Structures are given as C-alpha cells and as structure tokens.
Amino acid sequence: MMSALSRSDFPLLAASPRLVYLDSAATTQKPRAVLDAIRDFYESDNANPHRGAYALSVRATQRYHDARARVAKFLGVSDTDCLIFTRGTTESLNLVAASWGRANVRAGDEIVVTGAEHHANFVPWQQLAIETGARFRICELTADGAIDLDRLRAMLGSKTKVVAFAHVSNVLGTIAPVREIVELAHGVGAIAVCDGAQAAPHLTVRFDASGVDFFAASGHKMLGPMGIGVLAGRRALLDAMPPFLTGGDMIEFVEDEHSTWNRLPHKFEAGTPNAAGAVGLAAAVGVLERVGMDAVRAHELALVGAAYRRLAAIDGVRIYGPGPEDRSGVLSFNVGDVHPHDLATILDSHHVCIRAGHHCAQPLMRRLGVSATARASFYVYNDDADIDALVNGVMAAREMFSRVGA
Ligand code: PMP
C-alpha cells in the first residue's frame, strides 16, 4: 500500500526513521510545506494584521485574509466572513455554547448531545445547562456505538434548542449521519452543532451543503499548526450573537458607557490573531487538496481495515465501535487484562506511538464499561510497515503479560 504522502515530506518522521506514529487523532505531524509557510510569514510578512497603515502590515493582513479564504473554500464555506479563526475546536465550541447559548437558551429548554462526545462538545453544553436551568440530555448510542436516530428522534421536541454531535468519534471512529441529524434538529426548530475535529482531516466537508448551523475543527489534527482552528457558522446566527471575547479588533466604537461591534468575522476575533497559524493551516489545506480528500480517505480505509483484521485475529483483543468498512482511521481496542497504559509503554519500547486513556470522553468510557482503551489512529504518512510494528508490539505485550500472569 502506497502512502498518500511520503515520510520524507515530514521533517520529524524523516529525522526518526524508526518512529511509528499512530496518534494522529491526537495531533498530526507537520509537513515541510506547513513549517515553511509559518517561517516564511515571520521572515517576510510579519506585522500585526489590521493594525498598521504601512505596507508590511497590509501584507500581513492580506496573508491572514487569504488564509481564511483558502480554509473556507476547503470546508465548503462560501460566505468567507462566516469562517472564524479560533484556537481550535475546544474554543470554537465554547464560543457557540457561551455566545449563542446564553442568548438563546432559557430554563426549561433542552440541550441534546450524544453519548460519544469528546469533553469539548459535552462540558460546555453541560455547563450552559447548569447556568441557564436548561435540561441537559444525552442520546444513548446503538450497541456498536453509532448515533441511534430513532432514540434521537424520540428525544427531540419543541423544547429542544440544540443538538450537538461529533461528525466522527475520536474513540470509535464512527461517522455520524450528518444530514439525518440536521433534519431532525431543524424539524423541531433546534440548531445543529457539529464537532468536526475528526472529520475535517479525513473526510470531504461541505459546510454550506451539510445544513449544520455551526461546525468546529482544529488545524493541528489536519497537518496544520497547534493553536489555530475554525468555527464556521450561519451568518444570521453569527450576526445575532453577542461577542465571545471582547477587546481590540472586535469593536466598532468604544464609548465610555458602551461599545458596538465590528462586522463578521472580526466580531469574534478579539485581540491579535494567530496569523502565522492561519497561514500554516492554509498551507496544510493546500497539502490535503493536492493529495485529494478522496485519496486521504481511501488510504486510511485501507490501513484501518488491515489493522482491524490483524488485531481482531489476536487472541484477547477487543476492538470498540463499528466494523472496518464503516469507520474513520481510528481504532480503539483493549488486549485482555493488559492496562492500556502498560500496552502504550510496551509499544513505545518498540518505537510505536499510540494513545492510551479515556481520550477526553469519560461519558463514552462509562457507556463502553471500561476506564480506558488503547487507540491507534492512521493518517496520510502511515503505511503497512506501521501496521506490522503495531501488531508485533501488541503480540509482544500479550506474550509478556501472559507470562506474568502464569
Ligand atoms: N472533539 C474531538 C472529536 C476531538 O477529537 C478533539 C481533540 N482530541 C477535540 C474535540 C478537541 O480539539 P482541540 O483539543 O484541538 O481543541
């Protein structure tokens, strides 16, 4: 199986030929094109965007503006002003819960999330419910971890104000039926909020066509830098919302007693923006576009399918979530009684990086009846040799623990 991109495109991987990086759901490695773009911004065009009347600042502003247009196009957002740069998915979802939520959610209203949410799409809604007196409801999953549309339909009603869900689960790799969820939410007059942290890096995202009201993603999970992410939202909703953070750049006029707000997207981008991060994210998007999202997806499906079948054949391995044909490039599993942290440590001694723990999804762990899992996640730079290393490491761990147990 060919990699979609070569390891030589990624300086960290090129410098560590033995490293098997299988933790891209946590963060991806960065291609040279992204590192070069960040460096080039600071070396050639660095000034504070929107602040200066001199040519250098105009260039910095232009590069930030171009980055927004490029990322918006990649995500299928035609109204570029409705693509807001944030620090990442967590901040994007907090922005919606705090700003839209406080303006629109009242005591007695209902907020619905699923049992598979990352804490970033769970805790802000839970806290909004506590603050407002709204009811926080959790839609339970099907046996294989999918969103149960019948159950969701039955839960929704005139009190429902928000349905918040992950497009792709970071633990199970389950891909949500976005259109159906949006239709159900809109059918009762609720908004649909989509956590796209694990979707934007792996699937073609068309925000406009999807119908979701808000979509959040993180640059660092899609070959981009840390500290930059996006929130896409519908203009009518964003225009009506109060700001999230206040300060420089996001104002129109500041009187002694009150202030008025700048137009979109600036209303939601208080303070000096992470312009270099945005430029880096735009470069990442360029790399993904060159590979093609269909090719990214096909590559991952092949890898996750092969890994699934080989791990499932090992005695004592339990894999969580749907079958190999129907998932994103994430594989959560346990190996007999071996604690996932021990497994990760043993794999690390084989130069294999996996994640172990609750994956910021404690409510889902409770539903799976485990305290933690191991998780291997695949991306454009992985290949068959990485699966060999994973499988060999898991077998070695199993062997070691069966000897200890004997
Ligand atoms: N949602 C999901 C599904 C995620 O996988 C993650 C990252 N693990 C987040 C939200 C939070 O992303 P960030 O830490 O980049 O804000």
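The values are calculated or read from the model by the stated rules, or taken from the named source; none is laboratory data. Here the structure is a predicted model, which is why all the values come from computation and not from measurement. Positions of Cβ are backbone-derived with ideal geometry, glycine not excepted, and every protein chain shown enters the neighbour counts. Accessible surface is based on the protein model in full, side chains and every heavy atom, while ligands, DNA and RNA are left aside. Shrake-Rupley method; radii C 1.70, N 1.55, O 1.52, S 1.80 Å.
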>> Could you list, ordered by first residue, the pairs with Cβ atoms under 6 Å in which the first is in the range 233-257 and over 14 Å from residue 98 (Cα atoms) and the second is of a type in the set (A, V, I, L, M, F, W, C), at least 6 apart or interchain?
In response: 233/82; 233/214; 235/82; 247/270; 250/270; 252/261
> Pick from the range 109-139 the residues that are closer than 19 Å to residue 177 by Cα and surrounded by fewer than 22 Cβ atoms within 10 Å (Cβ to Cβ): which of them is nearest to the chain's Cα centre (by Cα)?
Replying inline: 115
> Of the conditions (1) in contact (Cβ under 8 Å) with a residue 60 or more places away in the chain; (2) more than 17 Å from residue 284 (Cα to Cα); (3) open to solvent by 70 Å² or more (accessible area, probe 1.4 Å), residue 60 fails just one. Which one is it?
Replying inline: (3)
> Does residue 208 satisfy the condition of being open to solvent by 50 Å² or more (accessible area, probe 1.4 Å), within 30 Å of residue 290 (Cβ to Cβ), modelled with pLDDT of 95 or more and more than 12 Å from the ligand (Cβ to nearest atom)?
Replying inline: yes
> Among the residues of the range 101-108, is there at least one that is surrounded by 22 or more Cβ atoms within 10 Å (Cβ to Cβ) and either touching a His at 6+ places or on another chain (Cβ under 8 Å) or within 27 Å of residue 222 (Cβ to Cβ) (or both)?
Replying inline: yes
> If you check 25, 72, which single one turns out to be closer than 24 Å to residue 297 by Cβ, within 16 Å of the ligand (Cβ to nearest atom) and open to solvent by less than 20 Å² (accessible area, probe 1.4 Å)?
Replying inline: 25
> Residue check: is residue 71 in a loop (DSSP other than H, G, I, E, B) and under 22 Å from residue 221 (Cα atoms)?
Replying inline: no
> Any idea which residue in the range 167-183 is farthest from the ligand (Cβ to nearest atom), counting only those that are under 20 Å from residue 75 (Cβ atoms) and part of a loop (DSSP other than H, G, I, E, B)?
Replying inline: 177
>> If the requirement is being within 16 Å of the ligand (Cβ to nearest atom) and more than 30 Å from residue 377 (Cα to Cα), which of these qualifies: 215, 244?
In response: 244
>> Any residue that is within 16 Å of the ligand (Cβ to nearest atom), of a type outside the set (Ser, Thr, Tyr) and assigned to a loop (DSSP other than H, G, I, E, B) - is there at least one of those in the range 148-159?
In response: no
>> What's the total number of residues in the range 368-382 that are surrounded by 19 or more Cβ atoms within 10 Å (Cβ to Cβ), part of a loop (DSSP other than H, G, I, E, B) and out of contact with any His (no Cβ under 9 Å at 6 or more places or on another chain)?
In response: 1
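Here is a yes/no grid of residues against (1) outside any loop (DSSP other than H, G, I, E, B); (2) closer than 28 Å to residue 82 by Cβ; (3) open to solvent by 60 Å² or more (accessible area, probe 1.4 Å); (4) not polar (S, T, N, Q):
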{"position": "35", "(1), (2), (3), (4)": "yes, no, yes, yes"}
{"position": "40", "(1), (2), (3), (4)": "yes, yes, yes, yes"}
{"position": "43", "(1), (2), (3), (4)": "yes, no, yes, yes"}
{"position": "47", "(1), (2), (3), (4)": "no, yes, no, yes"}
{"position": "51", "(1), (2), (3), (4)": "no, yes, yes, yes"}
{"position": "66", "(1), (2), (3), (4)": "yes, yes, yes, yes"}
> Considering only the range 339-367, how many residues are in contact (Cβ under 8 Å) with a residue 40 or more places away in the chain and surrounded by 21 or more Cβ atoms within 10 Å (Cβ to Cβ)?
Replying inline: 8
>> Kindly evaluate residue 106 against the criterion of being touching a helix residue (DSSP H, G or I) at 6+ places or on another chain (Cβ under 9 Å) and either of a type in the set (Ser, Thr, Tyr) or more than 16 Å from the ligand (Cβ to nearest atom) (or both).
In response: yes
> Within the range 194-212, how many residues turn out to be outside any strand (DSSP E or B) and either under 16 Å from residue 297 (Cβ atoms) or out of contact with any helix residue (DSSP H, G or I) (no Cβ under 6 Å at 6 or more places or on another chain) (or both)?
Replying inline: 13
> Would you call residue 77 within 15 Å of the ligand (Cβ to nearest atom), closer than 22 Å to residue 238 by Cα and open to solvent by less than 30 Å² (accessible area, probe 1.4 Å)?
Replying inline: no
> Residues that are surrounded by 23 or more Cβ atoms within 10 Å (Cβ to Cβ): which strands (runs of 3 or more DSSP E) entirely in the range 218-324 hold 3 or more of them?
Replying inline: 229-233
> Are any residues in the range 88-99 more than 7 Å from the ligand (Cβ to nearest atom) and either of a type in the set (S, T, N, Q) or outside any helix (DSSP H, G or I) (or both), and if so, which ones?
Replying inline: 92, 94, 99
> Is one or more of the residues making up the range 140-151 surrounded by fewer than 18 Cβ atoms within 10 Å (Cβ to Cβ), closer than 18 Å to residue 366 by Cβ and in contact with a helix residue (DSSP H, G or I) (Cβ under 8 Å, 6 or more places away or on another chain)?
Replying inline: yes
